Amino acid sequence: MTTYDTKVLLALSISILFSTIFGIIFPSIGELFSPYILVFLGLLLFLNLIQLELQDLISTFKKPKLLLMLSIMKVILIPVTMYFVTNLISPKYALSVLLLSGISTGLGAPFVSNYVGGKLSIIVGTVIVTSLVVPFILPTLVYILYNTEFSIPIFDMILLLVISLVFPLIASGFIKKYLPKLATSINKNSLPLSIIFMDLINFAIFSKFSSYFYFESSFVIFTTVIAVLLFSIFAITGYFVLYIINKDSSSLKYKISGLIAMSYVNNILVTVFAQQFFGSQVAALAAFYNIPYYFGIILLKVLFSKKVKRSSI
């Protein structure tokens with residue numbers, strides 16, 4: 001890594017650590033940012049979609065086999081498998097694991113792709129497809145496995161997509177085409193701005209669960225361990241699955257894209273509706289998933305930074 005990369009990595013590490021600590025220590029301040037998490041996600045996505053070539057995204061959808069197989073893995077095979085495994089080992093966490101495993105690829109995944117070195121068009125395509133189908137599939141899985149009815153409101157999900165995905169996608173395309181100088185400026189500053197928005201999101205999330213760190217430390221530790229294990233399983237699965245289904249290219253970028261698509265999930269959305277339908281203890285796993293989520297970025301950057309440059313696309 002270059003000196004600049006090292007400095008960015010250090011800044012990212014410190015800022016994530018402190019945003020987590022501040023959320024726990026100053027929850028009343030962190031909760032002030034909670035209503036704006038959706039806005040922060042939209043801005044984070046916008047900053048990173050500037051680097052997307054629309055033609056690459058269109059080409060990805062023209063050959064939908066890859067997206068279809070990734071999406072089936074993401075919203076059906078992985079959550080069902082993880083549910084049954086968890087139900088055998090620790091039934092208490094089975095519902096939390098099902099919800100987290102079955103949610104769509106997250107809106108922060110494009111940032112991870114740009115920073116670590118994945119194929120942005122594959123990540124954005126997976127975000128779009130899984131976001132469209134998960135409001136129908138995840139409630140169905142919960143009903144089948146728990147005989148419990150709950151729904152992700154379709155209107156709210158459409159609104160989420162428009163504000164946090166469609167609008168940033170259109171806006172970034174418009175700016176790239178008609179305001180190229182502004183697009184270049186945004187691209188140059190996207191990394192530090194992205195880190196700021198991630199810190200604000202992290203601050204807001206941990207402020208909601210700060211009481212657990214004071215009064216239920218054993219629960220926090222055990223739940224965090226499960227979150228780390230899940231992140232690792234998702235990442236390893238995505239890495240090897242994409243390699244297997246995409247044998248035409250052994251490029252490391254493709255394998256990293258599978259890793260990111262499976263492990264960088266929309267855990268913030270799970271936190272919101274799990275707390276609403278099932279209570280804060282079920283939602284806690286999705287919230288604590290932020291720990292491996294963000295520190296995974298650091299690890300992946302260290303592991304893959306040199307290899308990606310040598311890998312052919």
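On the basis of the beta-carbon distance and an R0 of 30 Å, residue 18 and residue 303 show a calculated FRET efficiency of 0.80.
Please find, in a Gaussian network model of the chain (springs between Cα atoms separated by less than 10 Å), the residue of 141, 88, 77 whose mean-square fluctuation is greatest. For the chain, modelled as a Gaussian network with Cα springs under 10 Å, the answer is 88.
Our estimate of slack between residue 146 and residue 214, defined as 0.36 nm per intervening residue step minus the Cα-Cα distance, is 21.3 nm. Counting neighbouring Cβ atoms within 10 Å and putting the fewest first, the residues 69, 262 line up as 69, 262. Residue-wise HN-Hα couplings along segment 67-81, as the Karplus relation 6.51 cos²θ - 1.76 cosθ + 1.60 with θ = phi - 60° gives them from phi, are 5, 5, 5, 4, 5, 4, 4, 5, 9, 10, 5, 5, x, 5, 4 Hz; Gly and Pro carry x. For the options 105, 20, 86, a Gaussian network treatment of the chain with springs between C-alpha atoms closer than 10 Å singles out 86 as fluctuating the most.
Amide H contacts of residue 265: 106, each under 5 Å away and 5 or more positions distant or on a separate chain (H built 1.01 Å from N in the peptide plane; Pro and chain starts excluded). When the helices in the chain are scored as -39500 (n - 2.57) per DSSP H run of 4 or longer and the sum is shared across all residues, what 222 nm value do you end up with, to the nearest 500 deg cm²/dmol? Rounded to the nearest 500, the figure is -25000 deg cm²/dmol. Using θ = phi - 60° in the Karplus curve 6.51 cos²θ - 1.76 cosθ + 1.60, the 3J(HN,Hα) couplings for segment 8-15 round to 5, 4, 5, 4, 5, 4, 5, 5 Hz; x is entered for Gly and Pro.
FYI, it's all coordinate maths here, none of it is from the lab. The shown structure was predicted, so the numbers you read here are calculated from the model rather than taken from an experiment. Counting neighbours? That spans all protein chains shown, and the Cβs are built from the backbone with ideal geometry, glycine included.
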